[in-house]
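A quick write-up on the structure given underneath.
The values are calculated or read from the model by the stated rules, or taken from the named source; none is laboratory data. A quick note: this is a predicted structure, and the numbers were derived from the prediction, not measured. When we count neighbours, we look across all protein chains shown, and the Cβ atoms used for this are built from the backbone with ideal geometry, even at glycine. Just the protein is used for accessible areas: all its heavy atoms, side chains included, with ligands, DNA and RNA removed. Shrake-Rupley method; radii C 1.70, N 1.55, O 1.52, S 1.80 Å.
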Amino acid sequence: MAKGSSDNGAFMDKFILKSGSSSSQLPLSGLTFAVKDIFDVDGYVTGFGNPDWARTHSAATSTAPAVLALLNAGATCVGKTVMDEMAYSINGENVHYGTPTNPCAPDRVPGGSSSGSAVAVGAMTVDFSLGTDTGGSVRVPASYCGILGFRPSHGIVSTKGVIPMAQSFDTVGWFARDPVILKHVGRILLEVHDASSVAPSNIVIAEDCFKLMDFPGDQLTRVITQSVEKSYGRHCIKFASLGDYVEEKVPNLKHFRSTGNQEYSIASLAALSSAMRLLQRYEFKENHGEWVTTAKPNLGPGISERIWEAVRTMDEHIDVCHSVKSELIAALTAFLEDFGILALPTVAGPPPKLQQEASSLEIFRAKAFSLLSVAGVSGFCQVSVPLGMYENLPIAVSLLAKKGMDWLLLNVVETMYTTLKEQFELLNID
C-alpha cells in the first residue's frame, strides 16, 4: 500500500481483497486501490452514501465487473470509500459519515460525489481508486484534491454492479497521482489490446472557457500552449470559442436558454448544463423515486432539496434533451476530427470552503456545470490534470477527446504531464 499518515476519513469499510492469482507478472501487481461505496463488492452492503439506503438493502452477492477486472490484473482492493448521498453532489460533504479531509486544503471541500476515492489517492493511502462520474463526480474531486481523474467515454467501461444515478451520463472513472498508473489502470478497464500510441492531430484551446475562471485564465492558456509546443510542436495548437461553436451547431439548445444574468456564463454552455441536469433529474427519479418516496430517507442539506426536486420532475422536454445530446455528439465529433484534443478548465475556481452556505455557491455551481456538461452530454472522455497550487489552493486543467479515443487521451496525459507542471511552475504566480 502507498504510505500515508491516515486515511483522512476516506473509508467506509476496510478489507483486503485479492484475486486467486498472485503472479508478480500481472500488470497491476503490487498496487492497491479503493472503490467508491456505489460499487457492489460480494458480501458487503452497497451503501450509496446514505444510512437509510444501507439499512433497507441487502449485501451484494457478486462483485462489479470493473472491480473484478482490477483484481484479476493483480491489484489489491483495501476498502470502500465515503461518497455524497445518492451521488447527488459535487461538494464531497456527508452529514452522516463525515467529510473526507481534502489533503491539499483541509479547510476546503474535497469534491464529490467520489470524495473518499479522491482523498484516498491524494492522501497517498492507495495507489489508485475507482469512482463514478455522472455530472462531474470524478473530474471535480480530482481537481480539488490535486490528482489525476479520468472520466472515460460513456458506455466503454461496464457499469454493471454499480448503482445507477442517471444512465445517459453514468461512467466508471478512476483516480491516480501518477500518469503511468492512470494509464495502466486504463489499459485494464478499457480492455486495450493494441497499445500503440498516436499523436494528437491538434490541441484546441477553448479560450472563452478559460475566461470563466477565477484564476488568471490567460496565464493558464499560455501554460497549455507552451506545453503543447514542447510536446508536439507549434503546428498542433489551435484556439476556438467553444460556446459560439456549440451555439451554432446545437439548435435545440434554444429550449433551455435562460433569460437571467449571463455575465458570469457562456450562454450556450449554460443551456447545455440545463438540459443535462433536467435529464439527470428525470432518470434519477425513474431509478430511485419510488424508494425515496417510500423510505423517506434522512438527507443532508442541499442534497435533500435536489433529490426531492428530482422526484417531482415531469417528462416535459425530455425528448429534446436527447436531441441536444445527439446534436452535440455530431458537432464535437466534427470539431475534433479523428485525433483532436480539447483543452478547457475542469472547474472555474478553487474548492469552496467547508460548510459554505449553498446560496453563496450558485454562480460557482453554474460555471462548474457549464464546463462539466461538455463531456457529460457528449459522452466524450475527459481527464482532469493537476498543475500545482495557486494562492495555496489546487488548480487543474482538463483535456477532452472524442468518444472512443480514451487511449489517445491517456497517452497525451502521459506525454504532457511533466511539461504542464513545469510550465505552471515557471509562471511563479503562487
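Inspect all residues belonging to segment 414-422 and state whether any of them is buried (at least 22 other Cβ atoms within 10 Å of the Cβ), modelled with pLDDT of 95 or more and basic (K, R). No; the residues of segment 414-422 include none that is buried (at least 22 other Cβ atoms within 10 Å of the Cβ), modelled with pLDDT of 95 or more and basic (K, R).
Consider segment 174-228 and keep the residues that are among the hydroxyl-bearing types (S, T, Y) and modelled with pLDDT of 95 or more. The one that is most open to solvent (accessible area, probe 1.4 Å) is S201.
Just one residue in the set H288, H322 is in contact (Cβ under 8 Å) with a residue 40 or more places away in the chain, open to solvent by 50 Å² or more (accessible area, probe 1.4 Å) and in the same structural domain as K249 (by the TED database); that residue is H322. One residue stands out among those in segment 44-69 that are free of Cβ contacts under 8 Å to residues at least 40 places away in the same chain and in contact with a Phe, Trp or Tyr (Cβ under 9 Å, 6 or more places away or on another chain): the one that is surrounded by the fewest Cβ atoms within 10 Å (Cβ to Cβ), which is A59.
Condition check ((1) in contact with a Gly (Cβ under 6 Å, 6 or more places away or on another chain); (2) assigned by the TED database to the domain that holds A295; (3) closer than 25 Å to V292 by Cβ) across all residues:
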residue	(1), (2), (3)
S24	no, no, no
P27	no, no, no
K36	yes, no, yes
F48	no, no, yes
H57	no, no, yes
G79	no, no, no
E85	yes, no, yes
H96	no, no, yes
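Of the residues making up segment 376-391, none is modelled with pLDDT of 95 or more, among the aromatic types (F, W, Y), open to solvent by 30 Å² or more (accessible area, probe 1.4 Å) and more than 30 Å from S258 (Cα to Cα). Among (1) on the phi < 0 side of the Ramachandran plot; (2) touching a residue at least 12 places away in the same chain (Cβ under 8 Å); (3) open to solvent by 20 Å² or more (accessible area, probe 1.4 Å), where does I303 come up short? The number of the failed condition is (3). Taken over segment 117-157, residues that are out of contact with any strand residue (DSSP E or B) (no Cβ under 7 Å at 6 or more places or on another chain), on the phi > 0 side of the Ramachandran plot and open to solvent by 10 Å² or more (accessible area, probe 1.4 Å) amount to 2.
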